[in-house]
1. If you go through the range 141-159 one residue at a time, how many are over 22 Å from residue 220 (Cβ atoms) and touching a Ser or Thr at 6+ places or on another chain (Cβ under 7 Å)?
2. Would the range 176-190 turn up any residue that is more than 26 Å from residue 51 (Cβ to Cβ), modelled with pLDDT of 95 or more and buried (at least 19 other Cβ atoms within 10 Å of the Cβ)?
3. Return the only residue of 116, 126, 79 being touching a residue at least 24 places away in the same chain (Cβ under 8 Å) and either within 19 Å of residue 223 (Cα to Cα) or not hydroxyl-bearing (Ser, Thr, Tyr) (or both).
4. Output the residues belonging to the range 17-66 that are out of contact with any His (no Cβ under 7 Å at 6 or more places or on another chain), β-branched (Val, Ile, Thr) and within 21 Å of residue 202 (Cβ to Cβ).
5. For the range 134-144, indicate whether the set of residues that are closer than 20 Å to residue 20 by Cβ and crowded, with 22+ Cβ neighbours inside 10 Å is non-empty.
6. If you go through the range 19-32, how many residues are part of a loop (DSSP other than H, G, I, E, B) and surrounded by 13 or more Cβ atoms within 10 Å (Cβ to Cβ)?
7. Report, by residue number, each residue of the range 191-215 that is modelled with pLDDT of 95 or more and not in a strand (DSSP E or B).
8. With respect to residue 114, determine if the residue is in contact with a Pro (Cβ under 9 Å, 6 or more places away or on another chain), aliphatic (A, V, I, L, M) and part of a loop (DSSP other than H, G, I, E, B).
Amino acid sequence: MIRCMDRSGEDERTTNGELALRLRAAVRKPLRSWREVYEAFSPTDLETGEHRPRVPESEEDCRRAAVLVPILLAPEGGRIIYTLRNKDLPDHAGQVSFPGGVTEPQDRSLLETALREAEEEIDLRRDIVETIGELEELYIPPSKFLVKPFVGLLPGEAEMALAPEEVEEIFSLSLEDLMSPESLKKVVWKRDGRYYRVPVFAITGYEIWGATAAMTAGLLARLGWQEKPR
């Protein structure tokens with residue numbers, strides 16, 4: 001991954017321009033292995049070997065939703081923006097997520113849903129977001145969400161502020177760290193009396209798992225990353 005530290009402002013702009021070009025090209029390409037990538041991040045029941053599907057059997061009962069995968073073009077390189085959801089929310093409380101949510105009647109498209117939610121949750125002005133493409137839809141069985149992720153580039157000077165009723169924290173992780181073999185681990189968690197093996201991106205005190213980890217992996221795979229959990 002490109003580093004831009006200790007360089008002039010002109011060099012930083014050049015390097016980030018090259019990174020933006022690379023990201024635009026990568027996101028435009030379809031990912032042939034997207035099902036395998038998404039399924040690899042579904043928790044596996046250690047007793048039965050079963051894991052939750054990432055593609056619904058039927059879309060009739062799904063709740064449509066969209067998220068924005070924001071990539072900040074920071075001086076030191078690309079950084080993905082994440083949020084920590086408020087613990088009092090009805091769905092996915094306390095989890096690491098991307099800004100997003102369910103569609104509302106006024107939304108003319110799923111992209112508009114993602115941009116509106118990002119504006120509401122982290123005060124991200126939609127006019128500074130360059131939407132460069134979308135990732136494959138992902139199904140979240142517990143909440144029955146069928147989520148469309150959109151990838152957006154943000155300028156390095158982008159400012160954000162959280163809405164405390166929805167978000168407890170905004171943080172970012174570098175593409176370089178996320179793509180490092182050291183970042184991905186498989187851990188065992190106990191939920192509802194059962195044990196699951198869960199792939200987790202674990203970096204600087206943050207743990208990203210489930211749907212958010214799967215969408216992150218879908219983006220990283222387009223940049224040449226391969227799953228090698230420890």
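The values are calculated or read from the model by the stated rules, or taken from the named source; none is laboratory data. The shown structure was predicted, so the numbers you read here are calculated from the model rather than taken from an experiment. Virtual Cβ from ideal backbone geometry, glycine too; neighbours counted across all protein chains shown.
1. The qualifying residues number 0.
2. No, the range 176-190 has no match at all.
3. Working: 116 fails: touching a residue at least 24 places away in the same chain (Cβ under 8 Å); 126 fails: touching a residue at least 24 places away in the same chain (Cβ under 8 Å).
Only one candidate qualifies: 79.
4. 37
5. Initial filter on the range 134-144 (closer than 20 Å to residue 20 by Cβ): 134-135.
So of that shortlist, the ones also crowded, with 22+ Cβ neighbours inside 10 Å come out as 135.
Yes - at least one qualifying residue is present in the range 134-144.
6. Pass one, the range 19-32, residues part of a loop (DSSP other than H, G, I, E, B): 29-32.
Checking which are surrounded by 13 or more Cβ atoms within 10 Å (Cβ to Cβ) leaves us with 31.
Number satisfying all stated conditions: 1.
7. 212, 213, 214, 215
8. Working: in contact with a Pro (Cβ under 9 Å, 6 or more places away or on another chain): yes; aliphatic (A, V, I, L, M): yes; part of a loop (DSSP other than H, G, I, E, B): no.
The answer is no for residue 114.
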